[in-house]
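Below: the structure, in structure tokens.
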Amino acid sequence: MTRYVIVGGGIVGLAVAHRLRTDRPRDTVTVLEKESGWAAHQTGHNSGVIHAGVYYPPGSLKATLCRAGSASMVRFCAEQELPYEVCGKLIVAAEAAELPRLHALHERAVANGLPATLLNAIEAAEHEPHVAAVAALRVASTGIVDFGAVCRRLAELLAASGAELRLNTRVTGIRNRTGGLVVSTSAGEVTGDVLVNCAGLHADRIARLAGIDPPARIVPFRGEYDELVPQRRKLVRGLIYPVPDPRFPFLGVHLTRMIDGTVHAGPNAVLATAREGYSWRRFDPRDVREQVGYSGLWALARRHYRYGLTEVIRSLSRKRFAASLARLVPELTEADIVPAGAGVRAQAVRPDGGLVDDFLIVEAARQVHVLNAPSPAATSSFEIARHIVDRLPADR
């Protein structure tokens with residue numbers, strides 16, 4: 001019997017635990033989560049999109065696990081009778097200058113084996129009548145779901161299967177000992193044979209506690225959302241995205257119909273002053289000291305300072321935020337949006353300032369550390385779990 005200890009109760013950690021209980025029912029699984037509930041951070045603050053995998057280089061982990069994960073997520077929701085919808089999305093070229101990038105994105109989607117169709121302006125309007133497009137890319141396999149609800153169901157299934165689920169349990173130390181490891185927590189010690197670190201915003205810190213020197217450091221970026229006022233939700237049928245600019249690290253603000261019928265707009269992306277910094281008011285001195293002292297952040301800032309300044313201005317100006325949305329749907333104005341919360345993206349940044357584009361999973365003796373799993377990690381969670389569990393030691 002092997003004893004697995006999983007750090008982190010977001011969707012990746014819970015999916016790994018679920019896969020272990022499914023594949024290795026004789027083994028024990030303990031999940032440690034520092035918050036009082038599941039999916040408290042990235043999973044519970046994202047856009048709820050089941051991504052198709054259109055943006056990712058063919059052959060990358062993101063591309064392969066996202067495509068498979070999209071199908072796995074839909075299958076799980078159907079089996080568990082959780083609300084979801086495969087509504088498709090429209091990636092919009094708002095002006096002719098964006099057409100080469102749209103066509104390149106179509107080529108990538110085809111290379112990734114996705115159901116993607118180029119549309120002219122008239123065809124795009126058949127899907128989204130209020131959109132402004134000279135052309136668009138329709139990705140039919142994109143969907144929407146409540147990932148928080150998925151996590152709650154996973155927790156129920158884990159509890160029923162005999163897994164040990166520990167909320168309010170912060171990891172404070174990890175040490176190896178003969179034949180296993182000891183995880184010190186705010187609620188006592190936990191012993192195990194194999195550690196799986198799915199701590200998201202704090203994954204690099206957990207890795208260091210375990211004696212690993214991570215090749216990148218987590219830098220938190222806050223994504224702020226608005227939502228359309230109820231009487232303007234009819235302007236958006238599904239998901240409307242801009243054509244991403246490959247020079248910049250994020251996708252740009254977009255419009256997303258949520259599974260509850262609301263329509264969210266965003267996110268912008270600004271450097272957060274805390275790893276759990278969901279507003280400008282949240283400031284964590286330790287987090288800021290680490291960021292300021294990290295060479296990778298300064299290198300990233302030099303590379304993208306103009307883009308970063310634009311994001312900050314849009315964060316502080318509702319007029320600018322609304323103008324970004326109006327590029328997609330011209331009828332939208334500042335009066336049509338209201339604040340709708342924020343999420344924080346745990347982005348791994350290398351010491352040279354390069355963003356880690358793919359999922360980053362580091363293995364060591366009796367340890368696996370998921371060090372970069374931002375979007376589309378929620379979509380891909382069941383396949384990330386399969387990928388990890390297939391590599392874990394067993395049968396001690």
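The values are calculated or read from the model by the stated rules, or taken from the named source; none is laboratory data. Just so you know, these numbers come straight off a predicted model, no measurement behind them. All Cβ positions, glycine included, derive from the backbone under ideal geometry; neighbour counts span all protein chains shown. These area figures cover heavy atoms from the full protein model, side chains too; ligands, DNA and RNA do not enter into them. Shrake-Rupley method; radii C 1.70, N 1.55, O 1.52, S 1.80 Å.
Averaging the Cα positions of each part gives two centres, and for the range 188-228 and the range 17-60 these lie 13 Å apart. Between Arg318 and Arg391, the C-beta separation translates, for a Förster distance of 41 Å, into a calculated FRET efficiency of about 0.30. Calculate, for Thr191 and Asp284, the FRET efficiency according to 1/(1 + (r/R0)^6) with r their C-beta to C-beta distance and R0 25 Å; round to the nearest 0.05. E between Thr191 and Asp284, to the nearest 0.05, is 0.20. To the nearest 10 degrees, how steep is helix 61-80 against the longest Cα principal axis of the chain, on a 0 to 90 scale? Approximately 80 degrees, to the nearest 10.
You can think of it this way: the chain between Arg101 and Glu126 has 6.8 nm of extra reach, that is 0.36 nm per residue less the Cα-Cα gap.
Against the chain, whose longest principal axis comes from its Cα atoms, helix 147-161 is set at around 20 degrees.
For Asp23, the accessible surface of its heavy atoms amounts to roughly 80 Å² (probe 1.4 Å, protein chains only, rounded to the nearest 10). Taking the DSSP beta bridges with both ends in the chain, the antiparallel portion is around 75 percent. Estimated at 0.36 nm per residue, the fully extended path between Arg327 and Arg152 surpasses their Cα-Cα distance by 59.3 nm. Measure nothing fancy, just the Cα-based angle from helix 377-389's long axis to the longest principal axis of the chain, in degrees from 0 to 90, nearest 10. It is inclined by approximately 30 degrees. Per residue, the chain reaches -10000 deg cm²/dmol at 222 nm when only DSSP H runs of four or more residues are counted, each adding -39500 (n - 2.57).
For Phe359, the solvent-accessible surface computed with a 1.4 Å probe is close to 20 Å², ligands and nucleic acids excluded.
Length gained on full extension, Ser161 to Ala365, computed as 0.36 nm times the residue gap minus the Cα-Cα distance: 70.7 nm.
The dipole here belongs to the chain: it is taken about the Cα centre, uses +1 on the Cβ of Lys and Arg and -1 on the Cβ of Asp and Glu, and is about 800 debye. Distance from the alpha carbon centroid of the range 107-181 to that of the range 303-350 works out to 22 angstrom.
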